[in-house]
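Only one structure is covered here, and it is reproduced in the block below.
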Amino acid sequence: MSEGTEPDLAERAADPAFESLLAYLHEERGFDFTGYKRASLMRRVERRMAAAGIETFDAYHDHLVVHPAEFQALFDTVLINVTSFFRDVDSWDYLQHSLLPDSVLSTDQPVRCWVAGCASGEEAYTLAIVLAEVLGIDAFRQRVKIYATDVDEDALAHARAATYSAKDLQHVPSALRETYFEPGGGRFIVRKELRRAVIFGRNDLVKDAPISHVDVLTCRNTLMYFNAETQAQILNRLHFALRPDGYLFLGKAEMLLSHSSYFRPIELRRRFFKKIASAPRDRRPLATSAPTAFVKDSTFDHGRLAHSALMSSAAAQIVLDPDGRLAFANNRAMHLCGLVQRDVGRPIQDLEISYRPIELRAQIDEAVQARRPTWLRDVEWVRAAGEKIHLDIQFVPLLDELSALEGVTVIFNDVTQYRQLQNDLLYANRQLETAYEELQSTVEELETTNEELQSTVEELETTNEELQSTNEELETMNEELQAMNDELNGSNQALREHQDEVDRLNAFMVSVLESMESGVAVVNTDLQIMAWNARAAELWGVRTDEAVGDHLFNLDIGLPLEPIRRALRATLSDDASAPDYTDLEAVNRRGRRVRVRVTLTPIRGREGGDPAAMLMMDVIEPAT
Ligand SMILES: C[S@@+](CC[C@H](N)C(=O)[O-])C[C@H]1O[C@@H](n2cnc3c(N)ncnc32)[C@H](O)[C@@H]1O
């Protein structure tokens, strides 16, 4: 499997709807997420979908078409911005106390830095603080430029504002906090001297040109979100960006085990790497010139012992004489290269070995001209029946004590097993690296989720407190209502008792009235009848319920009313001349003639209520 093409460990099955969503994001907003690790990317998109209450990628695609504001929310969720000042403090210590003093203090050249994937700026300002500590603030101002880039414009805006909370600064030692930050509005602002040296800008690591001539390049906890192929492309750019002596500083999950052709570790545990100047494998095409003339005739000396040692060597070896003829081939070479005894003495260009597995003559020329051994490594040879072997081939010019050429030996080392092991190791390393990166990115996702949960918990706590205070208010209202209710109950009871008393008095009055021998009527000042007892009903033939409420003089009871009216007026107005009684002739309803004595008695309320009068009507002798 070629480098960087194996799937991520946690790769999920390709989903056409998801791919089409990614294509849409690319077309609409220029964000190409195809190089991000699918599993983590899908998780983040699904998280956003859940927040928007959407279940399928297709539906979410439609949602984005109709609600363009959703793009920002999606990018905020996908581009994980977890960061902090002095993240992995041990590595920053090493940079400050070991790496930088050795490099930046030995010259007075400008120091160019690139913080790639800087999020909200904490890493860029940490680097600025460390450089200011190493160089002193004056030299820092004159020599240092830090380019800090990210794709996330919101994060960059935060970084440019350079304002952080006390919690953001929790890992900044207090002495540094006092030197490099000033308080303002309950927050901390990075001092101007540092801010001026840091230039923030948008740069997409996947597609934009890198910053160049960089001495210190930090790209931390960003590579791990990309798949192996995209990581390789980005590393190629980072390699280009660095000066030959430049340092690369990665995040703790990023080891570059499978990209060792670009960078070599100088402090692997703390993730510092140095640029490898050129590609390690020399795969220059072979020259096609004819074999160079050998310069000296010589006889090939093959002593018996040397001969048998050579013959039985595990490496295939041939020797050419100065004329370029095959002078010797050991057993392994005979077998490997298909040589036979009669090939000895023939010019090398007549033998198949001169062009298979590769063109040998150009390499032989090069070794002869350089007067030193040369190597061709990892030459692949597909043999008959498809068997594939790998050879490291060494070309050794054989020189005498005066450096005259006696011949050339070509040694074929079979490194197939070694190559296989190396590939296995590389593959295992890559899996390890991917797993570690997955783990780290999951940890960062969890940190983000945790922060989100934390804020939900805080919201719930606020709501809970609001509910508690509403509850307390309700309890107070309830107690007040209860007290009012008790009062009302008390008043009701008093009313009932009062009513009972009234009822009792009424009943008493009624029984007094009813038990009187005389007919009794009580009238008010308007002469309306207020009481009319049973004897009156019997005497005048008008029922109590008919009489009460009616005007006395509306009653057609056969009593001559004019003398009564006068007597009543006099009685109600407290006239002393009012007669004690008046005897009258009358005819009751049954037509009986009667003589009636009407006695009038004024009634005064105890508290001076409306006056009334009581008429007592007694039949004193029958009419004749
Ligand atoms: C987890 S943060 C790392 C922040 C900081 N380097 C650190 O280690 O604390 C990853 C950052 O990479 C950025 N990023 C993601 N894709 C990118 C891309 N294609 N080009 C540049 N930056 C990218 C994100 O926006 C995010 O700010």
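The values are calculated or read from the model by the stated rules, or taken from the named source; none is laboratory data. All of these numbers come straight from a predicted model, not from anything done at the bench. Here the Cβ positions follow ideal geometry from the backbone for every residue, glycine too, while neighbour counts run over all protein chains shown. Each accessible area value is taken on the protein alone, full model and side chains, heavy atoms only, with ligands, DNA and RNA left out. Shrake-Rupley method; radii C 1.70, N 1.55, O 1.52, S 1.80 Å.
For LEU360, nonlocal amide neighbours, meaning residues 5 or more places apart or on other chains whose placed amide H falls under 5 Å from its own, are TYR355.
Filter LYS145/LYS167; LYS252/LYS388; LYS192/LYS275; LYS167/LYS275; LYS207/LYS275 down to the pairs with a C-alpha to C-alpha distance above 29 Å, please. Going by Cα-Cα distance, LYS252/LYS388; LYS192/LYS275; LYS167/LYS275 fall outside the 29 Å limit.
With the simple model of a label 7 Å out from the Cα in the direction of the Cβ, ALA161 to SER491 spans 5.9 nm.
Mean residue ellipticity at 222 nm, helices only, the chain: -13500 deg cm²/dmol; runs of at least 4 DSSP H residues each add -39,500 (n - 2.57), and the sum is divided by the number of residues. Positive end of the dipole of the chain (Cβ unit charges, origin at the Cα centre): among VAL415, TYR225, TYR355, the Cα lying farthest that way belongs to TYR355. Amide hydrogen proximity for ARG191: with H placed 1.01 Å from N in the peptide plane, the residues at 5 or more positions away or on another chain lying under 5 Å are PHE181, GLU182. Per residue, the average separation of C-alpha pairs within less than 8 Å and at least 6 apart gives the chain a relative contact order of 8 percent. What nm distance separates the two modelled labels at ARG383 and ARG269, each placed 7 Å from Cα along Cα→Cβ? It works out to 4.5 nm between the two label points. Measuring nothing but protein heavy atoms, the accessible surface of segment 436-589 at 1.4 Å probe radius is 53 percent carbon and sulfur. Considering only GLY136, ALA241, ALA51, the residue lying farthest towards the positive end of the dipole of the chain is ALA241, judged by Cα position with unit charges set on Cβ.
Spatially, segment 21-44 and segment 224-262 are offset by 22 Å when compared through their Cα centroids.
Calculated on the Cα set of the chain, radius of gyration then Dmax: 57.8, 197 Å. In this Cβ point-charge picture (+1 for Lys and Arg, -1 for Asp and Glu), segment 453-598 has a dipole of about 2780 debye about its Cα centre. Stokes-Einstein diffusion for segment 516-620 at 25 °C, viscosity 0.890 mPa s, with a Kirkwood radius from C-alpha pairs, works out to 179 µm²/s. By how many degrees, between 0 and 90 and to the nearest 10, does the Cα long axis of helix 416-514 differ from the longest principal axis of the chain? Computed tilt is about 0 degrees. Inter-part distance, segment 362-412 to segment 473-513, computed on C-alpha centroids, equals 123 Å. Between VAL344, VAL89, ILE603, the Cα set farthest toward the positive side of the dipole of the chain (charges on each charged residue's Cβ, about the Cα centre) is that of VAL344. Taking amide H positions as modeled 1.01 Å from N, with prolines and chain starts lacking one, the residues under 5 Å from VAL151 and 5 or more places away or on another chain are ASN203. Among the protein heavy atoms of segment 89-275, carbon and sulfur supply 49% of the accessible surface, probe 1.4 Å, non-protein parts ignored. Across segment 89-275, the relative contact order, built from alpha-carbon pairs under 8 Å that are at least six residues apart, equals 21 percent.
Put a plus charge on the Cβ of each Lys and Arg, a minus charge on the Cβ of each Asp and Glu, and nothing anywhere else: the dipole of the chain about its Cα centre is then about 3200 debye. Heavy-atom accessible area, probed at 1.4 angstrom with all protein chains present, ranks ASP392, ASP90 as ASP90, ASP392, highest first. Please compute the Cα-Cα pair-distance distribution of segment 89-275 with 5 Å bins starting at 0, giving whole percents from short to long. All Cα pairs considered, the percentages come to 1, 8, 17, 21, 21, 16, 10, 4, 1, 0. Using the Cβ of ALA314 as centre and a radius below 15 Å, the other residues enclosed give a net charge of -1, where K and R count +1 and D and E count -1. Roughly how tilted is helix 228-241, in degrees to the nearest 10 and between 0 and 90, from the longest Cα axis of the chain? So the helix axis and the longest Cα principal axis differ by about 70 degrees.
Under the convention that each Lys and Arg Cβ holds +1 and each Asp and Glu Cβ holds -1, the size of the dipole of segment 516-620 around its Cα centre is about 340 debye. What whole number of Å gives the distance from the Cα centroid of segment 56-76 to the Cα centroid of segment 83-155? Here the answer is 37 Å between Cα centres. On a per residue basis, segment 516-620 carries 54 Å² of accessible surface, using protein heavy atoms and a 1.4 Å probe. Helix 561-572 and the long axis of the chain differ in direction by around 60°, with both axes built from C-alpha atoms.
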